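Worksheet: the structure to be examined is printed underneath.
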Amino acid sequence: MPTLTQDLIAARAGRSRHATATRTHATGRHLPLLDVARGLACLLIVAHHLAFYGPMSDVAHAVAPRLLDWLYSQGRLAVQVFLVIGGFLSARALAPQGHAVFGAVLPTLAKRYVRLAKPYLIALLVTLAVSAIVRPWLPDAPLVPGAPHLMQLLAHALLLQDLLGHEALSAGVWYVAIDFQLFALAVLVFAAARPAERRWPRKLPRPGVLLMLLAVLLSLFVVNRRPAWDVTALYFAGAYGLGMLAWWVSRAERPEWGALLMALIGALALALEYRSRIAVAWVTALLLVWATRQAWARDVSLWPRALLKLGDISFAVFLIHFPVVLAMSALVARFWPHSAGANAAGMVAVLLLSLPAGAWLHRRVEGRPRKTGPQRAPALTPTAFAVHQHLLLVRAGSA
């Protein structure tokens, strides 16, 4: 029988393991708070797409008109949370102390592309397959993308579809392209700052941080006010850069000065021209500065495990939910085209079914560790994807 001393030692060891796990989650990978924020933002974006793309939302509108109207017009603002958190995590990965810690530019960008492209291309394959199946069932529905051509496929594989003016093949593909552009912008900014950092190694603030601040100002005060630029990184660099600033400010010895600068920048940008997207990004960044210094934000035991898991799979859910929307829309349109209740139930079903679909994509593709040893060059992936899809379309057309 264990003695009292042994029980105390075991209990202390258990608390120590729990504390170690909590610190690992909070400092080693990311804060639990970020998982929760991304998970909730992901659900809101999926709900926005359900309200934005018919035909289910058109028929179900009578069930909850105010909710659907709000999701239609305002739900997209949740993307700003992703942009800010993306900048926050990129600052941690690329320049945690304000100077570059990554290696050469091209391998860094290739690694980022592979990380994004693996789940993105698989989700796009699923979307194209489901689109081909449901297209006869939804012949006039604008949410079903048309049969793609080779250059359109290649542009999507290279994340260039919006810059080249091609129709999107899935909801949210623009975000993946912008995410890569923003990461590339940050990498290039800090790579350009390296000569200055070597010349003035103790200079504060760091040259790379100053350049990133200039990009934020250029975006907030000029580029973000021009809708034609919304296919480029500079349009979103204000939100992304505020997230990067939030990382550095939250790690400073005197964060109040950095937070004050961020507050002033956001207030002036909104005074120049109020934009709800910038207001959401600004508030999110300031909340990150404050919250990440609080103990409750770092304590994994305070957060529901389901929300933490949802944060883990949020990107995969974001990628894979659109084929679920397509399939459910076709099913409901086929059997209950005029039933508001059935269409509302279909929308709820999409929200629920997107979670296991995202969990599958995360587990089998996004979260799978890379194999060691020689691998094919990442540059082959886009071409292989486009040619493979083109051959499938040609075969289907000749059948």
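The values are calculated or read from the model by the stated rules, or taken from the named source; none is laboratory data. Nothing here was measured: the structure is a model prediction, and the numbers come from that model. Neighbour counts are summed over all protein chains in view; Cβ atoms, including those assigned to glycine, are modelled from backbone coordinates with ideal geometry.
The table below gives the values:
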item: Residue check for GLY54: small (Gly, Ala, Ser), surrounded by fewer than 22 Cβ atoms within 10 Å (Cβ to Cβ) and under 30 Å from VAL332 (Cβ atoms); result: yes
item: Residue check, ALA171 of a type in the set (A, V, I, L, M), surrounded by fewer than 16 Cβ atoms within 10 Å (Cβ to Cβ) and modelled with pLDDT under 95; result: no
item: Index of the failed condition, ALA327 passing every other in (1) surrounded by fewer than 17 Cβ atoms within 10 Å (Cβ to Cβ); (2) assigned to a helix (DSSP H, G or I); (3) out of contact with any Phe, Trp or Tyr (no Cβ under 9 Å at 6 or more places or on another chain); result: (1)
item: Long-range neighbours under 7 Å by Cβ, at least six apart or interchain, first residue surrounded by fewer than 16 Cβ atoms within 10 Å (Cβ to Cβ) within the stretch 63-85, second modelled with pLDDT of 95 or more and part of a helix (DSSP H, G or I); result: VAL63/ALA340; VAL63/GLY341; VAL63/ALA344
item: Single condition LEU116 does not satisfy, out of (1) farther than 23 Å from GLY358 by Cα; (2) crowded, with 18+ Cβ neighbours inside 10 Å; result: (1)
item: Residue within the stretch 211-233 that is of a type in the set (Gly, Ala, Ser), modelled with pLDDT of 95 or more and either in contact with a Ser or Thr (Cβ under 7 Å, 6 or more places away or on another chain) or under 23 Å from ARG293 (Cα atoms) (or both) present; result: no
item: Count - residues of the stretch 182-208 that are assigned to a helix (DSSP H, G or I) and exposed (fewer than 12 other Cβ atoms within 10 Å of the Cβ); result: 3
item: Answer residue from the stretch 86-95, given it is under 22 Å from PHE315 (Cβ atoms) and small (Gly, Ala, Ser) and is surrounded by the fewest Cβ atoms within 10 Å (Cβ to Cβ) among those; result: ALA93
item: Pick from the stretch 346-372, criterion surrounded by 17 or more Cβ atoms within 10 Å (Cβ to Cβ) and farther than 20 Å from LEU44 by Cβ, ranking: modelled with the lowest pLDDT; result: GLU366
item: Flag for LEU260 being of a type outside the set (Asp, Glu), assigned to a helix (DSSP H, G or I), within 17 Å of the chain's Cα centre (by Cα) and more than 26 Å from PHE52 (Cβ to Cβ); result: no
item: Residue within the stretch 288-308 that is crowded, with 24+ Cβ neighbours inside 10 Å, in contact (Cβ under 8 Å) with a residue 12 or more places away in the chain, more than 15 Å from the chain's Cα centre (by Cα) and in a helix (DSSP H, G or I) present; result: yes
item: Residue check, PRO32 at pLDDT 50 or above, surrounded by fewer than 12 Cβ atoms within 10 Å (Cβ to Cβ) and not small (Gly, Ala, Ser); result: no
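This table checks each residue for (1) charged (D, E, K, R); (2) over 28 Å from ARG251 (Cα atoms).
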position	(1), (2)
GLN152	no, yes
ALA155	no, yes
LEU163	no, yes
ALA168	no, yes
ILE178	no, no
ARG194	yes, no
ASP230	yes, yes
